[in-house]
Amino acid sequence: MTSKKNKARAPRETNPKKIKKKTSVLVTEKVEYVDYKDVNLLQRFVSDRSKIRNRRVTGNDVQQQRDIANAIKNAREMALIPYTKRVSQSRAGRPGRGDGDERRERGPRRDEAVNTEVEAVVDQVDETTVDAVDEEVDA
């Protein structure tokens with residue numbers, strides 16, 4: 001009897017999806033030299049937030065990716081490409097849990113509890129000072 005650790009694994013070629021290798025933009029446009037001044041070409045390798053896209057997404061080989069990355073960094077240094085782009089979309093709060101169970105009622109948070117205690121003490125002090133002032137006014 002064989003243990004689970006010693007069982008032969010199924011070959012990876014059983015995957016029904018054929019993964020098609022991406023072709024690089026540099027190959028399709030027959031670019032021999034990646035120039036940092038060619039902003040239109042470099043923008044294709046940058047995401048909407050100005051991050052350099054990885055090889056898996058762009059289809060570059062190692063040398064092409066290295067050339068692209070260096071060109072983008074030089075273009076950023078020369079202020080031809082921004083380091084980041086502003087995102088005007090503000091994040092909304094987290095959506096509800098969906099199962100109808102709203103947040104359970106809790107007591108006040110720790111800082112709120114301290115604030116209520118302080119307010120109670122301040123109210124007591126205010127009442128004693130008001131009483132003392134009233135007594136002086138009456139006298």
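The values are calculated or read from the model by the stated rules, or taken from the named source; none is laboratory data. Because the structure is a prediction, the values reported are computed rather than measured. Methodologically, a virtual Cβ is constructed for each residue, glycine included, from the backbone with ideal geometry; neighbour enumeration extends over all protein chains shown.
Between ILE81, ILE68, the distinction of being surrounded by 16 or more Cβ atoms within 10 Å (Cβ to Cβ), farther than 18 Å from LYS30 by Cα and either among the hydroxyl-bearing types (Ser, Thr, Tyr) or in contact (Cβ under 8 Å) with a residue 12 or more places away in the chain (or both) belongs to ILE81 only. Within the range 17-56, the residues that satisfy the criterion of being assigned to a loop (DSSP other than H, G, I, E, B) and β-branched (Val, Ile, Thr) are ILE19, THR23, VAL31, VAL34. Looking only at residues in the range 57-90 that are assigned to a loop (DSSP other than H, G, I, E, B), farther than 21 Å from LYS22 by Cα and among the polar types (S, T, N, Q), the one that is modelled with the highest pLDDT is THR84.
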